[in-house]
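Single-structure report; data block below.
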Amino acid sequence: MLKRITLTKTFLLALWLLPACYVAAHEYVKDHLTVAQPWSMELPPNAPTVAAYFVIGNQGTEPDRLTGVDSPVAGEAQLHEHVHKDGLMKMQQVQTVEIPPGGAVTFAPMAYHVMLLDLKDRSKLTEGQSFPLTLHFEKAGDLTVEIMVHKQAPDAAPAHAH
């Protein structure tokens, strides 16, 4: 009887943890920061650049700052944002992005995003592939995440916000 109860509890615990394991596969943690849902669109033929998206959360009590990014699939990676200026939406490079304490910053189409330029390994930019992206934080240091490539934006992809 005791053996059966233990086996049942173990099975139920495994079922309960399964969703957490799935989420952890798409969430990365470094100190007080989390990076969730990293993704990119499949690279169209002859496209010179591609963008990467994710959500950075800060569970700490102090702000942190994303100071840069890099990836082996690109010669250069830049932080960008879309801004509404003079009646038009414009994309511009930014040097840093502040991650507020207790808050989150969403990198999404028409918001903050990472632009990958001078593409080197286009084979990693097709649906079902992934590539590493290293985020450099002022306080937390470096965090490397795997960017999953999708043909279209994933259902759980965050909407524009910053």
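Values quoted throughout were computed directly from the atomic coordinates according to the rules given, and no laboratory measurement underlies them. Values in this document were obtained by computation on a predicted structure and should not be read as measured data. FYI the Cβ positions are ideal-geometry reconstructions off the backbone, even for glycines, and counts take in every protein chain you see.
Label separation (His84 vs Ser123): 4.5 nm, computed from points 7 Å beyond Cα along the C-beta direction.
The aspartates and glutamates within cross-link reach of Lys139, meaning a Cα-to-Cα straight distance under 16 Å and a gap of 8 or more places when in the same chain, are Asp31, Glu62, Asp64, Glu98.
Filter the GluC sites (Glu not before Pro) in segment 91-154 down to the DSSP loop ones having no more than 15 other Cβ atoms within 10 Å, then list what survives.
Details: sites: Glu98, Glu127, Glu138, Glu146; in loops: Glu127, Glu138.
The qualifying sites are Glu127, Glu138.
Please report how far the C-alpha centroid of segment 30-98 lies from that of segment 111-135, rounded to the nearest whole angstrom. Segment 30-98 and segment 111-135 have Cα centres spaced 11 Å from each other. Close amide-amide hydrogen proximity is noted between Gly60 and Gly102, each under 5 Å apart and 5 or more residues distant or on a separate chain (H modeled in the peptide plane; Pro and chain starts excluded). All other residues whose Cβ lies under 11 angstrom from that of Gly141 are scored, Lys and Arg at +1 and Asp and Glu at -1, for a net of -2. If you sort the three axes of the alpha carbon gyration tensor as a ≥ b ≥ c, you get a/c of 1.5 or more for segment 27-150 and a/b no higher than b/c, which makes it oblate.
Full extension of the chain segment joining Glu76 with Gln95 gains 5.5 nm, where the gain is 0.36 nm per residue of separation less the Cα-Cα distance.
Under the simplified labelling scheme, the Thr134-Arg65 pair shows an inter-label distance of 2.1 nm, with each label point 7 Å from Cα along Cα→Cβ.
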